[in-house]
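First comes the structure, then the notes that go with it.
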């Protein structure tokens, strides 16, 4: 065991906010899924959630056929029982608007999702879930 003093990890200012993780790996967000303007959808999420949630990009989450995002609850949402939600096939403007509106309203645990997001919901394998959950 080291005798060096250990500094406390710096507080993460984004920890209290919701986090929207966008898969942009080998297929999602690339020309392999033609049609959507992937960069515009990412910009749309970032601009509409700039002061409300952290939007981060990750590499391949190994559920390419779903082209999904992960919406993690804020600290208050988690305290209220909210859990990460994974809507798939959300590459269009309307789906990004629905995600942004839901997170702005409080997100998982604090607000009901727009009904259309229920149509996009799926449950990935435990291995995939572990790559994006804290």
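Quick notes on this one:
- Fraction of C-alpha pairs exceeding 19 angstrom in region 18-127: 38 percent, rounded to a whole number.
- The length gained on full extension between residue 111 and residue 65, counted as 0.36 nm times the residue separation minus their Cα-Cα distance, comes to 13.8 nm.
Since every read-out is calculated from the coordinates, none of them should be taken as a lab result. These numbers were taken from a predicted model, which means no experiment stands behind them.
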